[in-house]
1. Got a sec? Which of 202, 212, 127, 164 is surrounded by 21 or more Cβ atoms within 10 Å (Cβ to Cβ) and under 27 Å from residue 291 (Cβ atoms)?
2. Condition check: surrounded by 13 or more Cβ atoms within 10 Å (Cβ to Cβ) and modelled with pLDDT of 85 or more. Does residue 51 satisfy that?
3. Can you find a residue that is within 16 Å of the ligand (Cβ to nearest atom) and under 27 Å from residue 511 (Cβ atoms) anywhere in region 396-409?
4. Of the numbered conditions (1) farther than 27 Å from residue 204 by Cα; (2) out of contact with any helix residue (DSSP H, G or I) (no Cβ under 6 Å at 6 or more places or on another chain), residue 538 satisfies every one except a single condition; which is it?
5. Going by the structure shown, is residue 761 on the phi > 0 side of the Ramachandran plot, at pLDDT 95 or above and within 28 Å of the chain's Cα centre (by Cα)?
6. Where the second residue is within 16 Å of the ligand (Cβ to nearest atom) and assigned to a helix (DSSP H, G or I) and the first is under 20 Å from residue 586 (Cβ atoms) and lies in region 324-346, which pairs have Cβ atoms under 9 Å and are six or more apart or on separate chains?
7. Condition first: within 16 Å of the ligand (Cβ to nearest atom), free of Cβ contacts under 8 Å to residues at least 60 places away in the same chain, surrounded by 21 or more Cβ atoms within 10 Å (Cβ to Cβ) and assigned to a loop (DSSP other than H, G, I, E, B). Can you find one or more residues in region 415-426 that meet it?
8. Out of 754, 703, which single residue is in contact with a strand residue (DSSP E or B) (Cβ under 6 Å, 6 or more places away or on another chain), exposed (fewer than 14 other Cβ atoms within 10 Å of the Cβ) and touching a residue at least 40 places away in the same chain (Cβ under 8 Å)?
Ligand code: DGJ
């Protein structure tokens, strides 16, 4: 099938689903309250979603006070004025009011949203509500300092269909003197007063990104953060909080949020002396300072928050649906992600035109749709010591430039993609030799190299403009359909000595914004190109980069067993469609583990599928199986990429810091600690689903527990069919069962051996 046909057929399926879902939505919306209301008499701003509400009010001093975030409450409770803001009555010496966007000043000691110094040296904020504006689903509240010409515009966007609220702030200097910003977060989220709180978050390292963790919060602060100048492998800017012990995958109330920022960030969960929890987050204040000149504004990134009464699964599905509809760049958001072949693990830096064409032919034959040449095609890039910064094709590897390879790939009917690492230089490069001052550095200090590379300072407009021009030329001169933007180190020695001293610390924000700006410009000029975000694997995965790139290379670790853990965590925050996974060779590069091709495929098919093995060495049996899997993936692709994900049995590796656990320590909780994991993807109209199941190892001849599906129509009848390329190890026959039976009794799969797995398709049968 040609890519265009593929887009059409998938779009048709999608269109049917969208119509079905819209119908549902419309029914709900007809009887719904407006998304944003102002109750004049009570002075309450109310954001109402399908199942949740967010409310604000003012106090006698005119400050903006948080009123409610949680399940929907009857309108009468707001209208009667009976819902007063809760105050902290036990905290001696602490202002008892829970301010919605606290500026640091007077008797406030908790994490503020904002800290500013005025030109006369005053470092104290007194913000009062001055105006508000409602525009459909958007609410803007304007706060003004009581004395100084400083205006804060708080922007809210209600997303009633997803039970989410987007928050950001615009800080304005309306006077004639500069104002120094020392902290400028996006939001402080106040939680209801419950017994005790657990925070769920994503931590990790290179090769082990997005590992799910939980910690019980107690009085004090628990902070996840990045000081890297990038999102980081160590923590991801997503959180969920729930009352301790009361929420699971399918049940319980969960409040959650995800910050859209790809520079340094922090999310601080703080429980005060009265037991109240607030979660503050945004651009990291560490080494941050911003000079707001007269007339200038500073806009904070969007921090989206949500409430789910359906546990972590519900929270994830809300975020996934939101990303597909609102975050991912259009028009690609609605298009299917093509199956990638990436030659990095097969050929690393040792590439030539003919060898890549050979790989491309094999890839095409197997069913691949997008051929990507990774690192090593440019400059003197024969290893990782040279070439970064010189973005012209290697004269030895591509004497005629990229065109012969691009034409061959297009001639085969595939799209063509290329890898770049635009923020980097090797000291051994023409660019660095010409502009050694273009990298972040301090005088009198060595320049720390990582992977033999330094980082260009995009805070400098000339440097950002140069790279933007280079990428533009690359896309203009070559018929490139896809770019993988990598970042294999983060910032050290953050010097920007050319800038006036008062502005030098702006580099953290300016660099990240310049990356966004370059992507925005290139997307506008080359709108067909698909982009992948990568930072040595999943070091730059967040809702900011996902507004500009279509997918993420989630990890360099392609061991399917590890990958299941990484993918599981990733899906708590991000849509499966954005997660790229390749099937690579045995043994994998990190654990040296051998796993069956089937297991590797099933794992990689749960997101955007890719192949990354050395196809020139694959056996005819491996080729035959691969063809089958790629054809199968094309059929289930709409489900995986657009469907609703149910983590039926998760690896569940919750590690609680402070409880004697750490990396490599056995899991403490979760349903899938027996090494039996299952996920299903259900179409929005609930007529079809696909189930993936994985067994690490059979033990003691035990039968596996039934897998109870979720999200189907109880009354419908479904044809259930295990699909596989061969007759070996049949996990299940074909059967027809009601939605109720599938969800209550479940499916009994017969998986045996080590690294056993199954793919089961579920399709509603027409009513007789
Ligand atoms: C790190 C990426 O994660 C890999 O996929 C690959 O692109 C290498 N960089 C190339 O240097």
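The values are calculated or read from the model by the stated rules, or taken from the named source; none is laboratory data. Quantities reported herein were computed from a predicted structural model and do not represent experimental measurements. We place every Cβ from the backbone using ideal geometry, glycine too, and count neighbours over all the protein chains shown.
1. Working: 202 fails: under 27 Å from residue 291 (Cβ atoms); 212 fails: under 27 Å from residue 291 (Cβ atoms); 164 fails: under 27 Å from residue 291 (Cβ atoms).
Exactly one of 202, 212, 127, 164 is surrounded by 21 or more Cβ atoms within 10 Å (Cβ to Cβ) and under 27 Å from residue 291 (Cβ atoms), namely 127.
2. On the way: surrounded by 13 or more Cβ atoms within 10 Å (Cβ to Cβ): yes; modelled with pLDDT of 85 or more: yes.
It is true that residue 51 is surrounded by 13 or more Cβ atoms within 10 Å (Cβ to Cβ) and modelled with pLDDT of 85 or more.
3. Residues of region 396-409 within 16 Å of the ligand (Cβ to nearest atom): 397.
Narrowing the set further to residues that are under 27 Å from residue 511 (Cβ atoms) leaves none.
So far as region 396-409 goes, no, none of its residues is within 16 Å of the ligand (Cβ to nearest atom) and under 27 Å from residue 511 (Cβ atoms).
4. Among (1) farther than 27 Å from residue 204 by Cα; (2) out of contact with any helix residue (DSSP H, G or I) (no Cβ under 6 Å at 6 or more places or on another chain), the lone unmet condition for residue 538 is (1).
5. On the way: on the phi > 0 side of the Ramachandran plot: no; at pLDDT 95 or above: yes; within 28 Å of the chain's Cα centre (by Cα): yes.
Spelling it out, it is not the case that residue 761 is on the phi > 0 side of the Ramachandran plot, at pLDDT 95 or above and within 28 Å of the chain's Cα centre (by Cα).
6. 341/359; 343/356; 343/359; 346/359
7. For region 415-426, residues within 16 Å of the ligand (Cβ to nearest atom), free of Cβ contacts under 8 Å to residues at least 60 places away in the same chain, surrounded by 21 or more Cβ atoms within 10 Å (Cβ to Cβ) and assigned to a loop (DSSP other than H, G, I, E, B): present.
8. Working: 703 fails: in contact with a strand residue (DSSP E or B) (Cβ under 6 Å, 6 or more places away or on another chain).
It is 754.
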